[in-house]
1. Tell me whether segment 234-246 contains one or more residues that are farther than 30 Å from Pro514 by Cα, modelled with pLDDT of 95 or more, open to solvent by less than 20 Å² (accessible area, probe 1.4 Å) and not hydroxyl-bearing (Ser, Thr, Tyr).
2. Regarding segment 253-273, can at least one residue be identified that is among the basic types (Lys, Arg) and part of a strand (DSSP E or B)?
3. Which condition breaks for Lys639 when tested against (1) loosely packed, with under 13 Cβ neighbours inside 10 Å; (2) more than 30 Å from Met282 (Cβ to Cβ); (3) at pLDDT 75 or above?
4. Examine segment 660-671 for a residue that is assigned to a loop (DSSP other than H, G, I, E, B), modelled with pLDDT of 85 or more and open to solvent by 70 Å² or more (accessible area, probe 1.4 Å), and state whether such a residue exists.
5. State the number of residues belonging to segment 257-287 that are of a type in the set (Phe, Trp, Tyr), open to solvent by less than 20 Å² (accessible area, probe 1.4 Å) and closer than 21 Å to Ser106 by Cβ.
6. With touching a Pro at 6+ places or on another chain (Cβ under 9 Å) and among the hydroxyl-bearing types (Ser, Thr, Tyr) as the only criterion, which of Ser475, Ser540, Ser501 stands out?
7. Wholly within segment 302-404, which strands (runs of 3 or more DSSP E) include no fewer than the required count, namely at least 3 residues that are touching an Asp or Glu at 6+ places or on another chain (Cβ under 9 Å), open to solvent by less than 30 Å² (accessible area, probe 1.4 Å) and among the acidic types (Asp, Glu)?
Amino acid sequence: MAEEKRIEELSAAIRYHRELYYNHSAPEISDSEFDALWDKLKSLDPNNKILHEVGPEPLPGTVKVEHKFPMRSLDKGTKDEDIIHFIRQTTFGGKRYLAQPKLDGSALSLEYIAGNLFRAATRGSGERGEDVTLNAKLIGNIPKRLNLAVDCHVRGEVVMPLSIFEEKYKHISPNPRNLCSGALRQKHGDGKAHAEDLIFQAYDVKFPNKSPKLENDSELLEWLTNAGIKPAPWTVFNSEELENEMIEYTKTWSEKRSKYEYEIDGIVFKLDNLDQRELLGMTAHHPRWALAWKFPSQEAKSVLLDVDWQTGRTGVVTPVGRIAPQMVGGVTVENVTLHNVGELQRLGIKIGDKVLITRRGDVIPKIIENLGKAKNEDIENRNHADGRLFEGTLLHREIKIPTICPSCPRELTIDGAFLRCMSLDCSARTARALTYWCRSLEMDGVGEKLIASLLDSKLIETIPDLYKLERSQISSLERMGEKSANNVINELDKTRKLSLSKFLHALGMERIGPEVATVISQHFINLESLLNWAKNGDNSELTNIDGIGDKVAEILRNGLNKRTELIIELSEVIEITEVEEIEMGIFDGKTFCITGSLSKPRKEITLAIKNIGGKVVSSVSSKLDYLVAGDSAGSKLKKAKELEIIIINEIELFNLISNNQVEISNKKKTLFDYE
């Protein structure tokens, strides 16, 4: 139970700080602190949905853009061992890799039609971004027309040269990254920075129609150069000493990081061969063929000034430390996570103590060590992120652990290292669940403030109540006229018909992010089947899906059963549509068993089959469609012959894949019949 609560706290903290980072360009913690939170959550719960979402949805009131090619997040690493594992295990000993500096700016997608710049969009959630075409056209090295009349989507990072930052903007922002995001998203040229001061550097290109016949990603980067777009610098590794060379490359960049012309926070390694990437495919969360290796975390000292307590959507009450402003890795930090009561006790910390904080990449900063009682000189000569002089007062006292929920009068329950509000009517839990529903369904103009106003006015208590609102009720609220009320009703009406995957995601269950909700929905097809499984089904029905383990299956089951009443009420006011049964690939519905010694790693062959719809099982039965047999195949080969199962070798399997054949018609004999 303690671990589950710790996971909930980490999830909430990551979501909060990511929202500030992506949508407000106002992070409260450093990248290394955020990375620390991220890494801790990943170690406790690698399938947590927050780890597999790229970022929060774009802010309401902006033009949304559906990414034809989703802008996925990458798997992360920080140690030499992560690079070795990536080469040996994740990519099965690839022979050729590409590396580029991980630029620390704002991701951008450029869509070209017939060589003309049609649209530019931010990454947003990875699935949907925000149209920023007008500002992108002001960036000097983004061509409005390519040298080639092609349709393509170019992905890259918008960065600000550090020389320009130092000359013009150092007094405005603690780092260039925040300025990049703000300059792209400003509506009337009223941002803190000018888009003309930014640079675009590409790292990928996708083709919706005809693509050039190239073998490697490095060739695509050369193609981009010839087309008139500047890629980020790249290095290809293609030797017998891959591991040593790639590890040495990270050390080289670590040394020259401070002198590089742009901010970077790591190195991105990618398998260079495009066909091999296709075979490796994706997990439910990220591509298997890439690794974002990040520079080690940075540490600094500050003073704990106070502790606030916040109730999350799941009822966990978490402490947030307020510290004297401290610059860590280019970001001014004033808030740190303290995780739970158990962490306070472990640190033995008090208000007024000097503390060591760490920040890892995008993760929320945290206190890692108590350095004892602080002195007045420890809080002097500090500045807030906006440059104002810090004028805090040093006090020394114990941290008071609350007994009553900060958001409702309910007495808190101590559960191991955690505090929990058990009231389902708690205003914080209700408000956050409602807000999550509206955000995940991308309702423009229906945010936290409106939800709070509706709750305060007793107009809603649950999610289904949203769909019973009338225009007159909304327009009667403060700052909500008839036009705003019409907009809210229109946004609600747009969500009266939802796909099962969107509905499932919007319920806000832990670890059920968009990708996981999609694969679950594709399996169950309709809500009735899903609810029947929650009551009577077996976890193995879900764990057969790549990327879903027992823990996620159990969380889904418990989450659905706890929400049965809510789901029934919602199904009465909205329509939840069935998932169309789509062909996943040429092997859709086909089962395979693999046996014997093969030239390729068995995992690679398994992934190749799964990526085009096939299912790999461990035993031979009459239901099996194909047996893939290598050298020294034993009892499975014998049984397959007895059952007249189609037997193919490794070469024939990949011929099937490359030739888009579904079956070897009327195959009566195999190579094994001529032994």
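The values are calculated or read from the model by the stated rules, or taken from the named source; none is laboratory data. Small disclaimer: the values here were computed from a predicted structure and weren't measured. Cβ coordinates were reconstructed from backbone atoms using ideal geometry, including for glycine residues, and neighbour counts include every protein chain displayed. What goes into the accessible areas is simple: the full protein's heavy atoms, side chains included, and nothing from ligands, DNA or RNA. Shrake-Rupley method; radii C 1.70, N 1.55, O 1.52, S 1.80 Å.
1. Yes, some residue in segment 234-246 is farther than 30 Å from Pro514 by Cα, modelled with pLDDT of 95 or more, open to solvent by less than 20 Å² (accessible area, probe 1.4 Å) and not hydroxyl-bearing (Ser, Thr, Tyr).
2. yes
3. Going through the list (1) loosely packed, with under 13 Cβ neighbours inside 10 Å; (2) more than 30 Å from Met282 (Cβ to Cβ); (3) at pLDDT 75 or above, Lys639 breaks only (1).
4. For segment 660-671, residues assigned to a loop (DSSP other than H, G, I, E, B), modelled with pLDDT of 85 or more and open to solvent by 70 Å² or more (accessible area, probe 1.4 Å): absent.
5. Looking only at that region, the number is 1.
6. Step by step, each of Ser475, Ser540, Ser501 is checked, and only Ser501 is touching a Pro at 6+ places or on another chain (Cβ under 9 Å) and among the hydroxyl-bearing types (Ser, Thr, Tyr).
7. So the answer is none; nothing clears 3.
Residues checked against (1) within 28 Å of the chain's Cα centre (by Cα); (2) charged (D, E, K, R); (3) open to solvent by less than 40 Å² (accessible area, probe 1.4 Å):
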site: Lys458; (1), (2), (3): no, yes, no
site: Leu466; (1), (2), (3): no, no, yes
site: Glu470; (1), (2), (3): no, yes, no
site: Ser475; (1), (2), (3): no, no, no
site: Asn487; (1), (2), (3): no, no, no
site: Lys494; (1), (2), (3): yes, yes, no
site: Lys497; (1), (2), (3): yes, yes, no
site: Ser501; (1), (2), (3): yes, no, yes
